[in-house]
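For reference, the structure discussed in these notes is given below.
The values are calculated or read from the model by the stated rules, or taken from the named source; none is laboratory data. Remember, it's a predicted structure, so these values are computed and weren't measured experimentally. All Cβ positions, even for glycine, are placed from backbone atoms using ideal geometry, and neighbour counts span all protein chains on display.
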Amino acid sequence: MLSALQSVAGTVLNLGLLQEWGWRLVQGLIVTIQIVAISCSLGFVLAYPISLARRSRNLVLSGAARSYIAFFRGTPLLCQLYLIYYGAGELRLFLTSAGLWWFFREAFYCCILAFTMNTAAYQAEIMRGALNAIPKGEIEAATALGLSRYRIARHIIWPQALLVALRPLGNELIGIIKASALAAIVTVFDLMGQTRFIFARTFDFTIYLYCAILYLLITETIRRASNRIERRLARHKLAGIIAATEAAGAAAAPVPIRRSPAALLRGRA
Amino acid sequence: MSAFSLLFGPDGWGPLLLQGALVTAGLALATVPFGFGAGLLLAIMKLSPSRLLRAACDAYTTFFRGIPDLLSLFIVYFGLQILIDRTTHLFGLPKVDMDAFVAGVIALAAVTAAYSSEVWVSSFNAVPRGQSEAALSLGLHRRQVFRLVVLPQLARVALPGLGNIWTILLKDTSLISTLAVADLLRRASEASRATTRPLLFYGAATAIYLVISLISGLGQSYLERRVNRGYA
């Protein structure tokens, strides 16, 4: 029994494994961060025009944006990745003559292309929701006051839309970090890829747990940071809600309220 | 060969792809009761007075929500296999191999439970306390209160969130293709390797996924209209 316990503890905390292979994990982590940083920011840039097209009154434009979004949100990312990576192989002659083969030859670039287009669809929907959340009256009032379109966007629309979009955008960033593990399947040595490599060499299951801890560290940090930022940006709204909660809490509810002020705000919005 | 005969001809890959699509749908459907059910249990434990229980459930959710779904699947899949090997070894039983489909369902359910428990918790919070207090004071048993008063209202609030998770689940089934289950994506990979026409077969697979998700979107809006009958 004791030896069984020891073997369990040895499996869970195999530090020798880290000593030997830790450097590979760090290298993988760097690749993961590169993939996420590039595709997330390119996706953000791409998402804005898509969300504008989606809101446009032009039926062709909004239809095209709608199908783009439906396609990338309705099919698995892995399938999109295969389509680009293996599909490019079939088009090799054409791509070579178009001078694009150097790009599609690399699994790394194919991943970035797939993740960028995928996240652009999700981010476009987030932006659309945020833009829709702004009351029309505010824009009408600003127009009536004679503000230019740029100033309306800069001072009225964006500050409010960003606040609404912040949490979903943070979630989307976490989503891309998690999705980037798919790169390992098409031979990229990101964090997941290195982990699979190490597992293939050592057959030590613990390495998956170390990999999980690394992913957890990143995603939890981002989640907490985005909560913080949201609370800070929304403090003008929170003040009123906290006061209202306290007033209500004094009158009723002998049970402690488990929901945080930020959660209350979300409930309102 | 033409694309048409590769898909629909006598030796075409169409039937195999459709079979794969059925496996994909089957995986997702089989996961729902376990995943959502376990999520509900997790949510109930998260709202329990025991601090230890709450912390354990929160840790479970944080873990599975914070790591890639692919990694969760690997951990559950290989972890289960190792666990089974160790147990059979301990009792001197012969080696048992897990059925890949069953293992896939367990792995997907583990992830789905973590995602859905958050939805359940927030819908618990959305049902006014007065409802269960009133039911209790009317003399209903605690279990009756849950089953007859809270759960029906819960389902209405939870449905949109659960719908989102169902969409994620449907797409996550494709990750199982990297293990050993002959789902839609794996069939498409086999076909494209055998014919060296990846564009055609991955394109076909994408189209089938799109059809499945469009159908499930229609189903979701029907369900939502149905549970909201009395409200509007």
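All of B:V121, B:V96, B:V157, B:V105 fail the test of being at pLDDT below 85, β-branched (V, I, T) and touching a helix residue (DSSP H, G or I) at 6+ places or on another chain (Cβ under 9 Å), apart from B:V96. Looking across B:G92, B:G39, B:G26, one residue alone is surrounded by 13 or more Cβ atoms within 10 Å (Cβ to Cβ) and farther than 24 Å from B:A188 by Cβ. It is B:G39.
Summed over the stretch A:133-149, residues that are of a type in the set (D, E, K, R), more than 30 Å from the chain's Cα centre (by Cα) and exposed (fewer than 10 other Cβ atoms within 10 Å of the Cβ) total 0.
Filtering the stretch A:176-219 to residues that are in contact (Cβ under 8 Å) with a residue 60 or more places away in the chain, assigned to a loop (DSSP other than H, G, I, E, B) and not β-branched (V, I, T) leaves A:F189, A:D190, A:D204, A:F205. For the stretch A:159-191, a residue qualifies if it is farther than 21 Å from A:L83 by Cα and within 11 Å of chain B (Cβ to nearest Cβ), and the qualifying residues are A:N171, A:I174, A:L191.
For the stretch B:181-194, the count of residues that are free of Cβ contacts under 8 Å to residues at least 60 places away in the same chain, within 16 Å of B:Q220 (Cα to Cα) and within 13 Å of another protein chain (Cβ to nearest Cβ) is zero. Here A:L42 qualifies as away from chain B (no Cβ under 14 Å) and aliphatic (A, V, I, L, M). Being buried (at least 18 other Cβ atoms within 10 Å of the Cβ) and either touching a Lys or Arg at 6+ places or on another chain (Cβ under 7 Å) or closer than 30 Å to B:Y231 by Cα (or both) holds for only one residue in B:V76, B:V105, B:V119, and it is B:V119.
Take the conditions free of Cβ contacts under 8 Å to residues at least 40 places away in the same chain and either in contact with an Asp or Glu (Cβ under 7 Å, 6 or more places away or on another chain) or closer than 25 Å to B:L210 by Cα (or both) and apply them to B:F4. Does it pass? Yes: the conditions hold for B:F4. A residue that is more than 19 Å from the chain's Cα centre (by Cα), in a helix (DSSP H, G or I) and within 12 Å of another protein chain (Cβ to nearest Cβ) can be found somewhere in the stretch B:90-110. Say we look at the stretch A:204-220 and pick out the residues that are facing chain B (nearest Cβ under 7 Å) and farther than 17 Å from A:W23 by Cα; which of these is surrounded by the most Cβ atoms within 10 Å (Cβ to Cβ)? This residue is A:T219. Filtering the stretch A:89-102 to residues that are assigned to a helix (DSSP H, G or I) and facing another protein chain (nearest Cβ under 9 Å) leaves A:G89, A:E90.
Here the stretch A:56-78 is the region considered, the condition is being under 24 Å from B:G163 (Cβ atoms) and hydroxyl-bearing (S, T, Y), and the residue that is nearest to the other protein chains (Cβ to nearest Cβ) is A:T75. Considering (1) within 25 Å of A:Y109 (Cα to Cα); (2) away from chain B (no Cβ under 14 Å); (3) crowded, with 18+ Cβ neighbours inside 10 Å, the lone condition that A:A53 does not fulfil carries the number (1).
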